[in-house]
Amino acid sequence: MLKVQNISISYGGVKALTNASILIEESEIVTVIGSNGAGKTSLLKAISGLLTPLSGRIEFLEEKVDGQPPYEICKRGIIQVPEGRQLFPRMKVLHNLQMGAYLPEARKYLEDSLRRVYQLFPILQQRKSQVAGLLSGGEQQMLAIGRALMSKPKLLMLDEPSEGLAPVVTDQIFDTLKILGEQGTTILLVSQEVARSLELSDRAYVLENGKVVMAGKSEELMNNDKVRESYLGI
């Protein structure tokens, strides 16, 4: 479904990614792990069209997408839940969700998508008339994921979905991602919750200093001594 080939990204002359490559098959959950500053967010931004690679190529469903504007990439079905949620805080929960179905193709399924989101996150139905900025951190993250699902994503990308959340809410978020995976949603996940991410995903990549230094099945990486020492504290 997604093929990222040898992309490099630079900020003000400093390389954020160097010849990074990842592959995602349809209906897979793939996680990218690495320390802060490793280049994980830069990778997601490049796929979303928010950053243009200096070199390399990004293909989605066998078509080149690097260099295209973000709205065109969204139309193709790549939807990102950004770090920090980025909701419309003064708009009601329902209106935030409706904004997720802004694209014409998604708008056709607005009511069905709303029902699906409310099934996954019942609290959003209870809070649908509340202003989004007054929700708790966990509820805001649920809303951010719900809004992304309203877009009918072919590939759902999540950047630190559990950041700043209580453990019980983190459990809820990962349980929901597991359900989405079981329903066939293709997911690319970036999270500091390394153990939970590896347990959830099919395959994983390790980024260090902007380079992919390790890749494989998540179960194999869970048992890798370097991963266990560096990221799992074992």
Practice task
Return yes when Leu177 is crowded, with 19+ Cβ neighbours inside 10 Å and closer than 24 Å to Ser8 by Cβ and no when it is not.
Solution key: no
Practice task
Look through Gly184, Gly216, Gly210, Gly233 and report the one residue that is among the small types (Gly, Ala, Ser) and within 30 Å of Arg115 (Cα to Cα).
Solution key: Gly184
Exercise for the section: Quick one: Asp159 ticks every box in (1) closer than 25 Å to Met1 by Cβ; (2) surrounded by fewer than 17 Cβ atoms within 10 Å (Cβ to Cβ) except a single one, so which number is it? Expected result: (2)
Exercise for the section: Test Ala195 against the criterion of being hydrophobic (A, V, I, L, M, F, W, C) and at pLDDT below 95, and give yes or no. Expected result: yes
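Out of the residues in the stretch 31-72 meeting the condition of being farther than 24 Å from Val14 by Cβ and out of contact with any strand residue (DSSP E or B) (no Cβ under 7 Å at 6 or more places or on another chain), tell me which one is surrounded by the most Cβ atoms within 10 Å (Cβ to Cβ).
Gln68
Listed here are the residues, each with its yes/no results for (1) closer than 14 Å to Leu207 by Cβ; (2) modelled with pLDDT of 95 or more.
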position: Tyr11; (1), (2): no, no
position: Val14; (1), (2): no, no
position: Asn19; (1), (2): yes, yes
position: Ile22; (1), (2): yes, yes
position: Val32; (1), (2): yes, yes
position: Ala38; (1), (2): yes, no
position: Thr41; (1), (2): yes, no
position: Leu44; (1), (2): yes, yes
Problem - First in the stretch 93-118 and farther than 16 Å from Pro153 by Cβ and at pLDDT 95 or above, second anywhere and surrounded by fewer than 14 Cβ atoms within 10 Å (Cβ to Cβ) and among the β-branched types (Val, Ile, Thr), Cβ under 9 Å, 6 or more apart - result: none
Completion exercise
Ser201 meets each of (1) more than 26 Å from Ile79 (Cβ to Cβ); (2) modelled with pLDDT of 95 or more; (3) polar (S, T, N, Q) with one exception, condition (1)
Exercise for the section: Just name the residue that is nearest to Leu198 (Cα to Cα) out of those in the stretch 212-234 that are among the polar types (S, T, N, Q) and surrounded by 15 or more Cβ atoms within 10 Å (Cβ to Cβ). Expected result: Ser218
Exercise for the section: Determine which single condition Gln68 fails, assuming it passes every other condition in (1) in contact with a helix residue (DSSP H, G or I) (Cβ under 9 Å, 6 or more places away or on another chain); (2) part of a strand (DSSP E or B); (3) without any contact (Cβ under 8 Å) to a residue 24 or more places away in the chain. Expected result: (2)
Completion exercise
Turns out the helices (runs of 4 or more DSSP H) fully within the stretch 84-151 with at least 2 residues that are under 22 Å from Val169 (Cα atoms) are 93-100, 110-120, 122-126, 137-150
Completion exercise
Condition set within 13 Å of the chain's Cα centre (by Cα) and hydrophobic (A, V, I, L, M, F, W, C), scope the stretch 159-195, selection farthest from Val227 (Cα to Cα): answer is Leu180
Exercise for the section: Select from the stretch 152-199 the residues that are part of a strand (DSSP E or B) and not hydrophobic (A, V, I, L, M, F, W, C) and write down the one among them that is nearest to Glu220 (Cα to Cα). Expected result: Thr186
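The values are calculated or read from the model by the stated rules, or taken from the named source; none is laboratory data. Note that the structure is predicted; figures quoted are calculated from it, not measured. As a convention, Cβ positions derive from the backbone with ideal geometry for all residues, glycine included, and neighbour counts pool all protein chains shown.
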